[in-house]
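Each remark here refers to the structure printed beneath this line.
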Amino acid sequence: MLTFLETNGKHTSIGCGTIIRCEGNHYTVLSCEHIFNPIEKIYARSFDGGKYKVGVLFMDKQSDISTVRIVSEVPLEVATLGDSTKLLPGTMVGALGCPLGLPNTFTAGVVSSVGRKSFELQHVDFQGYLKEVIVMDIVLSNGNSGGPRINLDGEVVGVNSRGIRRFYERGLARINRLGFAIPIEYVCKMLDTVSREGSPTFPCSDIQGN
């Protein structure tokens, strides 16, 4: 997993990403679109402290999916992708991320529901996008977005997208904790389409950080 930081003098963590492909010393990293938009200057940092420039390959606001590239002369671990269609309510899952600037933080919980349509979730700011999500009882804080949602075998089954800590209605707490992830099955289908047909949504460019 990589952590993305904004070059703003404070090096604020804005989200995470998962390495899903390696071609020589070029690595493709899967993340969320909303953590890169509209930030212009960021860099990536690995578990061992390595620092990398980031180049955007693909961004899609409707799905909240993005892929970026980094170049590393040191071999980096590529994640194993799982099967999100096998997830059921009650399945144990974990979330990796950098909540509140704490890198490589792991949180565990269970799947609450699968195939949940985003329009059903009126109190989550999906901005009318993300047609289908996995709902879990895991709180996602600032810095978790884009990180992997993994199963008990350590396989990536989703991409952390958004979360709710608590929703108040008439002064009463109605929701204590919920987290939402994009199913990896959906992600793979979209990236396969992009690979075959190209990306009409975002040209390849660099987001340079110091």
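The values are calculated or read from the model by the stated rules, or taken from the named source; none is laboratory data. None of these values were measured; they are calculated from a predicted model. Neighbour counts are summed over all protein chains in view; Cβ atoms, including those assigned to glycine, are modelled from backbone coordinates with ideal geometry.
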field: Filter pass, V78 being in contact with a Phe, Trp or Tyr (Cβ under 9 Å, 6 or more places away or on another chain), over 22 Å from L140 (Cβ atoms) and in a loop (DSSP other than H, G, I, E, B)
entry: yes
task: Considering every residue within segment 38-61, establish whether at least one is closer than 18 Å to M190 by Cα and within 11 Å of the chain's Cα centre (by Cα).
output: no
task: Working only within segment 50-62, note down all residues that are under 22 Å from P99 (Cα atoms) and either in the same structural domain as S161 (by TED's automatic domain parsing) or surrounded by 18 or more Cβ atoms within 10 Å (Cβ to Cβ) (or both).
output: Y52, V54
- prompt: With respect to G90, is the statement that it is without any contact (Cβ under 8 Å) to a residue 24 or more places away in the chain, under 23 Å from P183 (Cβ atoms) and in contact with a strand residue (DSSP E or B) (Cβ under 6 Å, 6 or more places away or on another chain) true?
  reply: yes
- prompt: What is the residue count in segment 14-44 for residues that are aromatic (F, W, Y) and either in a strand (DSSP E or B) or more than 23 Å from L102 (Cβ to Cβ) (or both)?
  reply: 2
- line: All-but-one check, F47 against (1) surrounded by 14 or more Cβ atoms within 10 Å (Cβ to Cβ); (2) outside any strand (DSSP E or B), failing number (1)
- prompt: Do the conditions hold for F36, that is, is it assigned by TED's automatic domain parsing to the domain that holds G17, under 13 Å from C16 (Cα atoms) and surrounded by 21 or more Cβ atoms within 10 Å (Cβ to Cβ)?
  reply: yes
